[in-house]
Structures are given as C-alpha cells and as structure tokens.
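See structure below.
The values are calculated or read from the model by the stated rules, or taken from the named source; none is laboratory data. This structure is a prediction, so every number in the text was calculated from the model and none was measured. Virtual Cβ from ideal backbone geometry, glycine too; neighbours counted across all protein chains shown.
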Amino acid sequence: MGESVIAFLETWSPIDIVLIAQNFDRFLWGALVTLQLTVISLVVGGLLSIPLAIIRSGNNPFLNAPVWAFTYLFRGTPLLVQTYLIYYGLGQFEWIRQTVVWEPILSQAWWCALIAFSLNTAAYTTELLRGSIITTSKGEVEAAKACGLGKWMRFRRIVLPSAFRRALPAYSNEVIFMLHGSVVASTITIQDLLGVGRWLNGRYYLAYEGFITAAVMYLIIVLLVSRGFRLWEKHWLKHLYPLDAVEAKPKKGLASFRV
Amino acid sequence: MSGTWVTIQLALISLAISLMFGLLGAWAKLSKNYLAQKTAAGYTTIVRGVPDLVLILLVFYGGQELFNSLGTATGLWDYVEISQFAAGAGTIGIVFGGYMTETFRGAIIAIPRGQIEAGVACGMNRFTIFRRVIWPQMVRYALPGFSNNWLVQIKSTALVSVIGLQDVVYNGFVAGKSTRQLFTFMFAVLIIYLLLTAVSDLVLRWLDRKYSKGIVRSDNG
C-alpha cells in the first residue's frame, strides 16, 4: 500500500514529494533555526527598545539625537546590507580581530545575524513604542500626577502598560516583518528554513522543491503568528473595543439603523 | 557606482508593477464577484505570508524552468532566459502589489459611501466616479500606507543581489572583497540607501501636503 502510493507520487506528482518527505527532518531543523533567530532577536531587540523609546518620547536633546540617529540609520537601510556589514565588514579591522569576542562571536555567522537582527528590530520597535507612548491620553498622565506618582512610577504603572497594549497591532506586523527578514541569514551561510531549501535545490539540481517547501512552511508560521496575535489583541485590547462588539449581540430597533 | 542606477531602476519599475497589481487587487477585493474576491484574498495572503527572498528565488529558478518546459510542451517558444532584473522587478512588484492592495482597499473604504451615491445620482458613469470622486480622495487616504510600503520596497530591492543582479549591494560587495575593504564599501552602500530613503521621504511629504491641502486647514478652523 505504502509503496504503491510512493510509486504513484513519483510518476504523477509535478514536484518531487518523496524527496521532500525524505528530507523533511532537515526542513524542521531549518524552521527551528529560523524561529530561534527570530525569537531571540525579538526578545533582545524588544528589551533594548523600551529604554530607547522612553528616551525618544522625552525631550532631552542630548539623549534624543543619538537614539534618533540609530533608529534612522537602521530603519533607512536594508537588513541585508546591515548583516553583510557586520558579518563581512568587521573583519576588515585588524584590532577587532584581535579582541576576545572575535573568535567565539563576531566571526560566527549565527551571532552576526543575531546582532544585526536584534539591532534592526530594536530600531523599529523603538519608533513604534514611542508612537504609542506619546499618544497616551493626557488625562491619564495628569491623573497619575494628581495621585502623587513619581516619574518612574508613572511610566511603570500608567504609561507603559497602556502603551504596550496599544502598540500590539503594529507590533504583530513587526514580528512578521522580522520573520520575513530572517531569510537574510541564509545568505551568510546559515542553514535556516530558506537555507535548507537552497541546499536541497543545489544538491539535487532542482528548481522548485526546496523553495516551495520553505515557502509553505513560512506561510504556515506567519498564519499561526498572526492568529496568535489576534487572540492576544482580543484579550488585551478588550477595553478599547465598542461595547456591542464585546457583547456580540446585534441590537434591535433604532440602534441597528445604519446611517 | 553604476549599481546605484540599477537599484533605482529596479525600485521604480517594481513600483509601477506593484501599483498596477495594487489597484487591480483592491478592485477585485471590493467587487461583488465571488471568484475575484477569493482570488485577490489568496493572492494577498500568499504574497504577504511568504518572505520576498523565497519568492524571488522561486521565480528566478523555478519560473525559468516552468516557462521553458511550457515552451517545449507547446512548441511555441524556444529556450528563454529570465534575466535577474526581470525576475527581481517582477517578483518585488507582485509582492508589494499585495501590500498596496490592502492600502488601496482601506483608502477606498474610507471614502464616505454617500459621495459615490451622489456621483451616481449626478449621472456619472463608473469611470467618471472613479476619476472625479474616488481617486483624488483615495490618494490622500492611501499616502501614509503607500509611503511605508515604498520605503520597505526600496530596501527589498537589496535582496535581488542574492540572485546575482549587479545592483549597488552586489557591486559594493565585489569591490569590497577585491580590495579587502568590505566594511568601507558596505558602509558606502548603507549611506546610498539612506540617501535614497531620505529623498523619497521628502518627496512623499511634499505629496502629502499637496493632497491634503484643504483638509488641514479645515481642521484648524
């Protein structure tokens, strides 16, 4: 039974499904590398972005300018070039190659990708968080001041929790963007999901199989992530939805009259 | 740096393609035709769900083989080679067409329905309504989203260097490798991209002011 299915697929399938199935464990490993790079850089970049966003939303010009320059540089240039700059570029300097971090970290493709991705997502997240921090309604901040909360307490208890929630929809885009951006890792020799696809195509001299498998797996991951974020938003942004959307009961009478 | 010119051409041509696909996609998504709606939905999901580099590689390597095996099967054309430029511009255009679809769809929805109905009442045909009522307002609503897409799109063109197109990244990399000064050259590439995005930012801001002239004033009044 199993053999006849395989024989059938080998004869009739336009793409070599059997070969994909045989190498599927490699694709899973690749997906794991992709997820690992994405998640770690999101965590590192996210942690970096919180103090940076607080600086950017304040009005101290000496602190603000360097952070602005950082986000402008990283948001204005391609992730590919940033990654090349770190992975290939740093080796140009003799003194960097002499340091202790060269051998274990800066000469390793994985670490370089992680550094580039973290800085990149930190820049985007900083601006995103800044946007939601400065749109915190004035009344909330004034109320907190009236209650005698200090500056840090205000940030910790009032501004940040509300800003995080309102940044959630935009942040889900950033997460997907980072997942898409992580394919850059495959160009500096890392065997991530796309790297495995390229390897398969190169090894068996194929044109579609590796890329299609990688594409389908990326699609699945993206759909899962965006579904997860939608559930998350439903939970954390419930207070911002109109009431009838929460109750989910269509109102009869005048209220249902649509203008 | 002739690569910079290649990058600019690539970005502009793919922009034209993405605008076309975006308008087409938005029209399909808002049409009453079930098939058009589903096709457009599938298109935007796939194109926005799969990383652009994967699609570029798929089109460049897979598309070539598919196209040629179609040619052999039908006997209509001989061996054709898809150039890196065509594969890159085409794929990036189609991918960002998906993002543009969403932007345009949102912009069209934002136009009050009454205005379109008023157009119908004035006896305008569908094309006139689009040109006179929808387009001028749609541009204004779509500009912020469009600006975002365009800035991401310029940066995406860097990926085409992976399939060997001699754009600014590729040239910078090769030059840096042969002179053993990769940092210097990659940093120059970084600055070129920064200039490109800065200039587009200025143009987009000017467009934004132009198209929202009457609106800002009424807000202040």
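Restricting to the range B:157-187, name every residue that is closer than 22 Å to A:Glu94 by Cβ, assigned to a helix (DSSP H, G or I), at the interface with chain A (Cβ under 10 Å from one of its Cβ atoms) and not basic (Lys, Arg).
Across the range B:157-187, the qualifying residues are B:Gly172, B:Phe173, B:Gly176, B:Thr179, B:Leu182, B:Phe183, B:Thr184, B:Phe185, B:Met186, B:Phe187.
Taking the criterion of being surrounded by fewer than 17 Cβ atoms within 10 Å (Cβ to Cβ), within 28 Å of A:Val225 (Cβ to Cβ), under 23 Å from the mean Cα position of the chain (by Cα) and among the β-branched types (Val, Ile, Thr), would at least one residue in the range B:20-43 satisfy it?
yes
Could you name every one of the helices (runs of 4 or more DSSP H) located completely within the range B:38-124 that has at least 3 residues being modelled with pLDDT under 90 and among the acidic types (Asp, Glu)?
none
Each row is one residue, and each column tells you yes or no for (1) over 18 Å from the mean Cα position of the chain (by Cα); (2) away from every other protein chain (no Cβ under 14 Å).
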{"position": "A:Lys145", "(1), (2)": "yes, yes"}
{"position": "A:Arg165", "(1), (2)": "no, yes"}
{"position": "A:Glu209", "(1), (2)": "yes, no"}
{"position": "A:His235", "(1), (2)": "yes, yes"}
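Across the range A:139-183, what is the total count of residues that are small (Gly, Ala, Ser) and within 30 Å of B:Ala158 (Cα to Cα)?
5
Tally up the residues in the range B:92-131 that are crowded, with 18+ Cβ neighbours inside 10 Å, farther than 24 Å from A:Thr77 by Cα and hydrophobic (A, V, I, L, M, F, W, C), please.
Total satisfying the criteria: 4.
What tally of residues in the range B:132-157 results from selecting those that are touching a residue at least 60 places away in the same chain (Cβ under 8 Å), buried (at least 19 other Cβ atoms within 10 Å of the Cβ) and among the aliphatic types (A, V, I, L, M)?
Of the residues in the range B:132-157, 2 are touching a residue at least 60 places away in the same chain (Cβ under 8 Å), buried (at least 19 other Cβ atoms within 10 Å of the Cβ) and among the aliphatic types (A, V, I, L, M).
Restricting to the range A:132-167, and then to whatever is of a type in the set (Phe, Trp, Tyr) and surrounded by 11 or more Cβ atoms within 10 Å (Cβ to Cβ), can you tell me which residue is nearest to A:Tyr241 (Cα to Cα)?
A:Phe164
I'd like the residue in the range A:110-153 that is out of contact with any Lys or Arg (no Cβ under 9 Å at 6 or more places or on another chain) and among the polar types (S, T, N, Q) and, out of all such residues, is farthest from A:Gly195 (Cα to Cα).
For the range A:110-153, the residue satisfying everything is A:Ser137.
Can you tell me which of A:Arg203, A:Arg130, A:Arg198 is over 28 Å from B:Leu66 (Cα atoms) and basic (Lys, Arg)?
Within the list A:Arg203, A:Arg130, A:Arg198, the selection yields A:Arg130.
Mind checking whether some residue in the range B:189-208 is assigned to a helix (DSSP H, G or I), more than 8 Å from chain A (Cβ to nearest Cβ), aliphatic (A, V, I, L, M) and farther than 30 Å from B:Ala107 by Cα?
The answer is yes, given that some residue of the range B:189-208 is assigned to a helix (DSSP H, G or I), more than 8 Å from chain A (Cβ to nearest Cβ), aliphatic (A, V, I, L, M) and farther than 30 Å from B:Ala107 by Cα.
Taking the conditions exactly as written (at pLDDT 90 or above, β-branched (Val, Ile, Thr) and out of contact with any Gly (no Cβ under 8 Å at 6 or more places or on another chain)), does A:Val222 satisfy them or not?
So A:Val222 does not fit the description; no.
Which residues, counting only those in the range B:162-184, are in contact (Cβ under 8 Å) with a residue 60 or more places away in the chain and surrounded by fewer than 14 Cβ atoms within 10 Å (Cβ to Cβ)?
Residue satisfying the conditions is B:Gly164 alone.
Search the range A:69-84 for residues being aliphatic (A, V, I, L, M) and buried (at least 17 other Cβ atoms within 10 Å of the Cβ), and hand back the single one that is farthest from the other protein chains (Cβ to nearest Cβ).
Checking each candidate, the answer is A:Leu79.
Only helices (runs of 4 or more DSSP H) wholly contained in the range A:2-72 count here; list those with 3 or more residues that are in contact (Cβ under 8 Å) with a residue 24 or more places away in the chain.
Correct list: A:24-57.
Please enumerate the residues belonging to the range A:142-198 that are touching a residue at least 24 places away in the same chain (Cβ under 8 Å) and of a type in the set (D, E, K, R).
Those that are touching a residue at least 24 places away in the same chain (Cβ under 8 Å) and of a type in the set (D, E, K, R): A:Arg165, A:Arg166, A:Glu174, A:Asp192.
Looking only at the range A:129-141, filter to residues that are free of Cβ contacts under 8 Å to residues at least 60 places away in the same chain and not β-branched (Val, Ile, Thr); which one of those is nearest to A:Leu79 (Cα to Cα)?
Among them, the one singled out is A:Gly131.
Among the residues of the range A:110-131, is there at least one that is surrounded by fewer than 20 Cβ atoms within 10 Å (Cβ to Cβ), at pLDDT below 90 and either away from chain B (no Cβ under 14 Å) or within 22 Å of the chain's Cα centre (by Cα) (or both)?
no
Per-residue answers, yes or no, for (1) within 14 Å of another protein chain (Cβ to nearest Cβ); (2) surrounded by fewer than 18 Cβ atoms within 10 Å (Cβ to Cβ):
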{"position": "A:Phe24", "(1), (2)": "no, yes"}
{"position": "A:Phe27", "(1), (2)": "yes, no"}
{"position": "A:Val43", "(1), (2)": "no, yes"}
{"position": "A:Ile54", "(1), (2)": "no, no"}
{"position": "A:Val67", "(1), (2)": "no, no"}
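Evaluate the following for A:Leu219: is it without any contact (Cβ under 8 Å) to a residue 24 or more places away in the chain and within 9 Å of another protein chain (Cβ to nearest Cβ)?
Against the criterion (without any contact (Cβ under 8 Å) to a residue 24 or more places away in the chain and within 9 Å of another protein chain (Cβ to nearest Cβ)), A:Leu219 qualifies.
Applying the selection to the range A:199-214, what residues are free of Cβ contacts under 8 Å to residues at least 12 places away in the same chain, touching a Leu at 6+ places or on another chain (Cβ under 9 Å) and within 16 Å of A:Phe27 (Cα to Cα)?
Once the filter is applied, which keeps residues that are free of Cβ contacts under 8 Å to residues at least 12 places away in the same chain, touching a Leu at 6+ places or on another chain (Cβ under 9 Å) and within 16 Å of A:Phe27 (Cα to Cα), the range A:199-214 yields only A:Asn201.
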